[in-house]
Amino acid sequence: MHRAVTLAIGLSVVSMQPAAAAGNLTLPFSDPHPRITSWTDHHYPDRQDDGIMIRFDGASGYAYDGHRGTDFAVPSNTPVLAADEGTVIYSEWSDSGGWGVVIDHAYDRTAYFHNNQLFVYPGQHVSRGQLIALSGSTGNSTGPHVHFEVRDLLTPWHSVDPYGWTGPGKDPWRWDLGYLWTSNPPAPFLLPLAFAGGAHWNYWYGTDGPPPPVSWRLRDGGHGLAGFAARWDADPGVAAGRTLATSGSAALPGPGAHTLHLRVFDRAGTSADITYLYLYDVQPPTSALRVGPGSSTALGVHWSGTDDLSGLKDMAIEVAAGSGAFRPWFSRTSDQPSAGGSGGAVRFLGDPGASYQLRLTVRDAARNPAPPLVVTATIPARAALPATVADQAVLGALPAQPNGAATTMGVRQEHPSAEGALLLGTDASLHGLGGSGSTPNAAPTSVAPAVDVATLSSGPLRLLADGTTWNSAGAAGPRFSVKAPVRLLGASDGSLIAVDAGGAIALAASPLAGAGQAGGFVSLSTGASLVDAALFPGSHAGLALDSTGVVHAFGVAGAALAAITSGWTLPGQPLAIAVGGSPQAPAGIVTDASGDWQTFGSMLLLSDATFSGPVFDSTTGLPLR
């Protein structure tokens, strides 16, 4: 939400406001002359670093680029106010924006990030000037400020500048809505302030026990304190009897969703109804699991769960081969659980003639688990791989897929090779596709979920989440001291490199490679994690991609690597990187989870395997041969 650059621009909002018709927004604080440290970029305000930043009046040459909002430099714990009447649609933490609030209005949508404390919850209606947060410097921020962002409602992705466009010529950003500020001063905030304690606000209590009593304390805002009135699930009203104290407490009524209404009064005759949402769920969810009939090696696994209060938060399906130990296979977590039912289906790719046990566990947002469910499924001995869309011309219409079928069907990684593709399941199983021979599939001793597989001259080597490695015969290989491995890379000399999500690069040398190297560490910004990495051919040097789209070099400090763009135009989640060339002349492709991609360097330096090899069909989730 905020580039790591802060400029001291001694300009006030009022001095920069052009004469224009009044809009619908007021400043999100009471200071009418705030200092602005980052303006909205009219040249692609989508976090794209393209070397061009244009302010609303046409001025350019600023050090920051691609900024989607306006950064107002206000002190920490400044009351942040709703810029217009509307409905709260987001009120939670993000690693980039810290504590943030997003409000839908009649004409646009506003966002407020990097706060220290929030006072509203999703679904709550707020009035213009109502207290929604206290400002701060949480998330990816270099100092106290309010990141204020406006987006259009037609396509909410489009950031717009509330200052409109007054520069020469046509606005470079065609989505702007014009000048959106009202001609009125900011709406005054209703003081005093109230700070809640005791039970966590907007937090589901369940297996961890009942919530403690809610407590609060009041702070004078300059007009003097005149007491408070508290009531559960309804506003006490301006005529309610007041408690003349600066603090108080109340016990939660019982299980369910309850809102504490705390109306505070000042000596100027004004009052404010400040609300806090408290959640308490003690009932476990219900669940169901079944395996649909099938004649191929892909079994349709259907699951469902229901929770009427806090909603389903986590689900996981574990798989055991025969009577062996259960291994993690498929899991899903909901960022925004909602009351009611949820379900879906996945395809489990097994071995012909094998019998499997599948165990389902679901939990609600209050961490109450449903009793585990276990079903047994057997794959026919003569079962073949299921058909894909590549077979449609020969086989005709494909059979219907399970509702909600996952696109990965439990496959963790796919590696093309001369013999076809090698698939690694999250249960550490290996499957060879397109080859003539069978794939050894001995289970490792460790039951940690599989992370990656490297194809070596001696055969495939699997990396598990606990840092251990195992060959296809079930024998242990080198162990890496990393906390969250994401990639296992095999160098041409037989050395192995494990890449950790936290930035660690660990190397284990083969006996033929001479002395081992200590590896290294990639410095990541707050909240970022490495998601993929690749080696330059014939070296231990490579590039790593993090979750924000930044590319990092490791194993070498070539001057040419500094020219690689650190910001990408990918709209979603960075997923993978392919590398070719050398540290002196790097080339590669960065891919997004949605399939978008961006290149750097010459594509002639990339191997043919970069552009060919098996891929997964987006409809069936099965590999195309």
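The values are calculated or read from the model by the stated rules, or taken from the named source; none is laboratory data. On a predicted model such as this, the values are computed, not experimentally measured, just so you know. Don't worry about glycine lacking a Cβ; one is built from the backbone with ideal geometry, like all the others, and counts go over all protein chains shown.
So that you can scan it fast, the table gives a plain yes or no per residue for (1) part of a strand (DSSP E or B); (2) of a type outside the set (A, V, I, L, M, F, W, C):
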residue: Ile36; (1), (2): yes, no
residue: Thr40; (1), (2): no, yes
residue: Pro45; (1), (2): no, yes
residue: Gly51; (1), (2): no, yes
residue: Tyr64; (1), (2): no, yes
residue: Arg68; (1), (2): no, yes
residue: Ser96; (1), (2): no, yes
residue: Asn115; (1), (2): yes, yes
Inset, instruction - Filter segment 358-401 down to the residues that are farther than 30 Å from Asp281 by Cβ and among the polar types (S, T, N, Q), then identify the one that is modelled with the lowest pLDDT. - result: Gln401
Inset, instruction - Test Thr445 against the criterion of being outside the structural domain of Ala325 (by TED's automatic domain parsing), in contact with a Lys or Arg (Cβ under 7 Å, 6 or more places away or on another chain), surrounded by fewer than 20 Cβ atoms within 10 Å (Cβ to Cβ) and hydroxyl-bearing (Ser, Thr, Tyr), and give yes or no. - result: no
Inset, instruction - Among what's in segment 573-625 and is surrounded by fewer than 19 Cβ atoms within 10 Å (Cβ to Cβ), among the aliphatic types (A, V, I, L, M) and part of a strand (DSSP E or B), pick the residue that is modelled with the lowest pLDDT. - result: Leu624
Inset, instruction - Scan segment 40-63 and give yes if some residue there is surrounded by 20 or more Cβ atoms within 10 Å (Cβ to Cβ), touching a His at 6+ places or on another chain (Cβ under 7 Å), within 15 Å of Ser135 (Cβ to Cβ) and not acidic (Asp, Glu), otherwise no. - result: no
Inset, instruction - Please tell me if Tyr179 is surrounded by 19 or more Cβ atoms within 10 Å (Cβ to Cβ), over 24 Å from the mean Cα position of the chain (by Cα) and touching a residue at least 24 places away in the same chain (Cβ under 8 Å). - result: yes
Inset, instruction - Test each condition in (1) surrounded by 16 or more Cβ atoms within 10 Å (Cβ to Cβ); (2) modelled with pLDDT under 65; (3) of a type in the set (S, T, N, Q) for Ser566 and report the one that comes out false. - result: (1)
Inset, instruction - Could you run through segment 67-97 and say how many residues are under 20 Å from the mean Cα position of the chain (by Cα) and either hydroxyl-bearing (Ser, Thr, Tyr) or more than 26 Å from Asn24 (Cβ to Cβ) (or both)? - result: 6
Inset, instruction - For residues that are in a strand (DSSP E or B) and not aliphatic (A, V, I, L, M), scanning just segment 99-113, find the one that is nearest to Leu81 (Cα to Cα). - result: Tyr112
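For (1) more than 14 Å from Thr361 (Cα to Cα); (2) surrounded by fewer than 19 Cβ atoms within 10 Å (Cβ to Cβ); (3) modelled with pLDDT under 85, each residue gets a yes or a no:
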site	(1), (2), (3)
Pro293	yes, yes, yes
Val301	no, no, no
Gly311	yes, no, no
Met315	no, no, no
Inset, instruction - Among what's in segment 132-176 and is surrounded by fewer than 21 Cβ atoms within 10 Å (Cβ to Cβ) and closer than 30 Å to Leu262 by Cβ, pick the residue that is modelled with the lowest pLDDT. - result: Leu134
Inset, instruction - Could you tell me whether segment 539-556 includes any residue that is part of a loop (DSSP other than H, G, I, E, B) and modelled with pLDDT under 75? - result: yes
Inset, instruction - Among the numbered conditions (1) crowded, with 23+ Cβ neighbours inside 10 Å; (2) over 22 Å from the mean Cα position of the chain (by Cα); (3) modelled with pLDDT of 90 or more, tell me where Ile103 comes up short. - result: (2)
Inset, instruction - Would you please list the contacts, defined by Cβ atoms under 9 Å and residues six or more apart or on different chains, that run from a residue in segment 239-252 that is part of a loop (DSSP other than H, G, I, E, B) to a residue that is surrounded by 17 or more Cβ atoms within 10 Å (Cβ to Cβ) and β-branched (Val, Ile, Thr)? - result: Ala251/Val214; Leu252/Val214
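Table: residues versus (1) among the hydrophobic types (A, V, I, L, M, F, W, C); (2) over 19 Å from Trp181 (Cα atoms).
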| position | (1), (2) |
| --- | --- |
| Phe113 | yes, yes |
| Pro122 | no, yes |
| His125 | no, yes |
| Gly129 | no, no |
| Ser137 | no, yes |
| Asn140 | no, yes |
| His147 | no, no |
| Trp157 | yes, yes |
| Thr166 | no, no |
Legend entry - Scope segment 130-151; condition part of a loop (DSSP other than H, G, I, E, B) and farther than 21 Å from Thr548 by Cα; matching residues: Gln130, Pro144
